[in-house]
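The values are calculated or read from the model by the stated rules, or taken from the named source; none is laboratory data. Note that the structure is predicted; figures quoted are calculated from it, not measured. FYI the Cβ positions are ideal-geometry reconstructions off the backbone, even for glycines, and counts take in every protein chain you see. Surface accessibility is based on the protein's heavy atoms, side chains included, excluding ligands, DNA and RNA. Shrake-Rupley method; radii C 1.70, N 1.55, O 1.52, S 1.80 Å.
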Amino acid sequence: MMRILDFDSLSPEEFLNRDIQAEEDVSAAVDEIIREVRRRGDEALRDYTRRFDGAEIQDLWVSAEEFDAARRAVDPYFLETLKEAAENIRRFHERQRHNDFVLTDRSGIVMGQRWTPIERVGVCVPRSPEAFPSTILMNVIPAQIAGVQDIVLVTPPRPDGSVSPEALMAAELAEVTEVFKIGGAQAVAALAYGTETVPRVDKIVGPGGVFVATAKRKVFGRVAIDMIAGPSEILVLADGKSNPKWVAADLLSQAEHDVLSSAVLVTDSRELAISVQAEVEAQLESLPRKDIARRSIADNGKIIVTDSLDKAVEAANRIAPEHLELCVDEPFALLPRIKNAGSVFLGRSTPEALGDYFAGPNHTLPTSGTARFSSPLGVDDFMKRSSFLSYDQAALNACGDRIADFARREGLEGHARSAESRKKSE
């Protein structure tokens, strides 16, 4: 049962206690997997796929024949849903494009900034129990908009060695370059270092369990990564006019992800708190993943009661949730006061599931309180900035002495001489 807590009695640790680290045995296991993939390449990938996924595969990649079969297998209704969702995601992320700029307002000086795409990106998609088509769209479409040339998708196969047709159709819609039937830490290692068939990439994105998160942390520096994602979380900020059935359903929508997921209600109404507490228990009984959701609710769920909406906003900002629902009369009035949240869902008719699948904003979001300093996945994550500058001789002459003096004050005579060697008398 969800605990009901008073805001004023909570310690800072009770707000922010979400520091989930890999156990030492997980870290050691990931080290071994990375070593084996680097040493044995495809052979190691096949061994780990047999061991962890129960699938015996020879070809690691998804063939053209498998894509053909997927097209025949996916029902037209869902294919239209995928297309509409992809268009919504593409439309939203197109607005994230940056423009280059050039400054030429001073005589003899040109400087500016240009954006270029990362060349090769690997996307990890977990299987639970199937590969998530929504995750494919959310991770691949921004990369495609950024102009990434090669987008490689990895996902664990089913025991029969196949990948779900829905996932393959999402990959095709998002214009993935190649799909490989591998997952876990071994897939991260393959993308970071390359094997006989899996190409090495420049950046790895996408969610996964503790093994994937640990592997991403270990290969960071060899490649870039998007983030170290923690368990999914939701915070519903609701007033006393909210429907407890809707609030409970939204809390359970995240609790069913994982036993480590967190579902939190913050409200200025004790009556709503009691009603939602009872409604969560009632809805759990018919939830197919009720065992997972029940443990999540018991271990990590909480209802925080405040004496005002002002304090409810303060609680939300301190928690910095991945998903934040504002179930109040005037949600747009509260929005400017929200400082820390991955994605904000405004109004009682805007459930978090809209963002997971369909609306357009990305569902790959900062977790574990990292919304205090990080952002949702977007086009920026697949691009890099370069600056450029050019001085003519007269412009260099005008500032050369200052450059040399600056360099010598930092003890760098070579820098000073580099500037002075180009200086010419007027």
Check your understanding: Within the range 2-34, can you find the residues that are at pLDDT 90 or above, open to solvent by 60 Å² or more (accessible area, probe 1.4 Å) and within 29 Å of Val264 (Cα to Cα)?
Key -> Arg3, Asp6
Practice item. Please go through the range 342-359 and pick out each residue that is surrounded by fewer than 20 Cβ atoms within 10 Å (Cβ to Cβ) and within 19 Å of Val140 (Cα to Cα). Key: Leu354, Asp356, Tyr357, Phe358, Ala359
Review point. So which strands (runs of 3 or more DSSP E) are wholly in the range 81-145 and hold at least 2 residues that are surrounded by 15 or more Cβ atoms within 10 Å (Cβ to Cβ)?
Key: 109-117, 120-124
Revision key, fill the gap. Given the conditions (1) in contact with a Leu (Cβ under 9 Å, 6 or more places away or on another chain); (2) in a helix (DSSP H, G or I); (3) farther than 18 Å from Asp239 by Cα; (4) open to solvent by 10 Å² or more (accessible area, probe 1.4 Å), every one holds for Phe332 apart from (3)
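Given the condition hydrophobic (A, V, I, L, M, F, W, C), in contact with a helix residue (DSSP H, G or I) (Cβ under 6 Å, 6 or more places away or on another chain) and at pLDDT 95 or above, answer yes or no: does some residue in the range 371-378 qualify?
Of the range 371-378, the ones hydrophobic (A, V, I, L, M, F, W, C) are 371, 373, 377.
When the remaining residues are screened for being in contact with a helix residue (DSSP H, G or I) (Cβ under 6 Å, 6 or more places away or on another chain), the result is none.
No; the residues of the range 371-378 include none that is hydrophobic (A, V, I, L, M, F, W, C), in contact with a helix residue (DSSP H, G or I) (Cβ under 6 Å, 6 or more places away or on another chain) and at pLDDT 95 or above.
In the range 60-71, is there at least one residue being under 30 Å from Arg35 (Cα atoms), crowded, with 20+ Cβ neighbours inside 10 Å and among the hydroxyl-bearing types (Ser, Thr, Tyr)? Break it down stepwise before answering.
The first filter runs over the range 60-71 and keeps only residues under 30 Å from Arg35 (Cα atoms), leaving 60-63.
So of that shortlist, the ones also crowded, with 20+ Cβ neighbours inside 10 Å come out as 60, 62.
Then keep just the ones that are among the hydroxyl-bearing types (Ser, Thr, Tyr); that gives none.
The answer is no, given that none of the residues of the range 60-71 is under 30 Å from Arg35 (Cα atoms), crowded, with 20+ Cβ neighbours inside 10 Å and among the hydroxyl-bearing types (Ser, Thr, Tyr).
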Check your understanding: Limited to the range 267-313, what total is found for residues that are in contact (Cβ under 8 Å) with a residue 60 or more places away in the chain and in contact with a helix residue (DSSP H, G or I) (Cβ under 7 Å, 6 or more places away or on another chain)?
Key -> 10
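Can you tell me how many residues within the range 252-286 are part of a loop (DSSP other than H, G, I, E, B), over 22 Å from Thr367 (Cβ atoms) and not acidic (Asp, Glu)?
From the range 252-286, those part of a loop (DSSP other than H, G, I, E, B) are 256-261, 268-269, 285-286; that's our starting set.
Filter once more, so that each one left must be over 22 Å from Thr367 (Cβ atoms): 268-269, 285-286.
The next check asks that each one be not acidic (Asp, Glu); those that pass are 269, 286.
Result for the range 252-286: 2.
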Review point. For the range 150-235, which helices (runs of 4 or more DSSP H) that fit wholly inside it have 2 or more residues that are over 18 Å from Phe52 (Cα atoms) and basic (Lys, Arg)?
Key: 210-219
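Just to be sure, is Thr135 touching a strand residue (DSSP E or B) at 6+ places or on another chain (Cβ under 9 Å), without any contact (Cβ under 8 Å) to a residue 40 or more places away in the chain and not hydrophobic (A, V, I, L, M, F, W, C)? Spell out how you get there, then give the answer.
Working: touching a strand residue (DSSP E or B) at 6+ places or on another chain (Cβ under 9 Å): yes; without any contact (Cβ under 8 Å) to a residue 40 or more places away in the chain: no; not hydrophobic (A, V, I, L, M, F, W, C): yes.
Here the answer is no, as Thr135 does not meet what is asked.
Looking only at the range 359-381, decide whether some residue is among the charged types (D, E, K, R), more than 42 Å from the chain's Cα centre (by Cα) and not in a loop (DSSP other than H, G, I, E, B). So that I can check it myself, show each step before the final result.
Within the range 359-381, the subset among the charged types (D, E, K, R) is 372, 380-381.
Retained after the next criterion (residues that are more than 42 Å from the chain's Cα centre (by Cα)): none.
Within the range 359-381, not a single residue is among the charged types (D, E, K, R), more than 42 Å from the chain's Cα centre (by Cα) and not in a loop (DSSP other than H, G, I, E, B).
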Review point. When you go through Val201, Val205 one by one, which is the residue that is under 20 Å from the mean Cα position of the chain (by Cα), open to solvent by less than 10 Å² (accessible area, probe 1.4 Å), farther than 26 Å from Leu260 by Cβ and among the hydrophobic types (A, V, I, L, M, F, W, C)?
Key: Val201
Exercise for review: Considering every residue within the range 176-187, establish whether at least one is surrounded by fewer than 24 Cβ atoms within 10 Å (Cβ to Cβ) and over 29 Å from Arg39 (Cβ atoms).
Suggested key: no
Check your understanding: Does the range 185-197 contain any residue that is modelled with pLDDT of 95 or more, out of contact with any strand residue (DSSP E or B) (no Cβ under 9 Å at 6 or more places or on another chain) and within 19 Å of Phe78 (Cβ to Cβ)?
Key -> no
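Only one of these is modelled with pLDDT of 95 or more and out of contact with any Gly (no Cβ under 9 Å at 6 or more places or on another chain): Leu335, Leu324. Name it. Don't jump to the end; show me each part of the working.
Details: Leu324 fails: out of contact with any Gly (no Cβ under 9 Å at 6 or more places or on another chain).
Sole residue among the options that is modelled with pLDDT of 95 or more and out of contact with any Gly (no Cβ under 9 Å at 6 or more places or on another chain): Leu335.
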Revision key, fill the gap. Only one of (1) of a type outside the set (Val, Ile, Thr); (2) modelled with pLDDT of 95 or more; (3) open to solvent by 60 Å² or more (accessible area, probe 1.4 Å); (4) at negative phi does not apply to Gly411, and that is (4)
Point to revise | Flag if Glu352 is under 20 Å from Ser262 (Cα atoms) and either in contact with a Gly (Cβ under 6 Å, 6 or more places away or on another chain) or without any contact (Cβ under 8 Å) to a residue 60 or more places away in the chain (or both) | key: no
Check your understanding: open to solvent by 40 Å² or more (accessible area, probe 1.4 Å) and under 25 Å from the mean Cα position of the chain (by Cα), is that true of Gly221?
Key -> yes
Point to revise | Count - residues of the range 245-266 that are touching a residue at least 40 places away in the same chain (Cβ under 8 Å), touching an Asp or Glu at 6+ places or on another chain (Cβ under 7 Å) and open to solvent by less than 30 Å² (accessible area, probe 1.4 Å) | key: 3
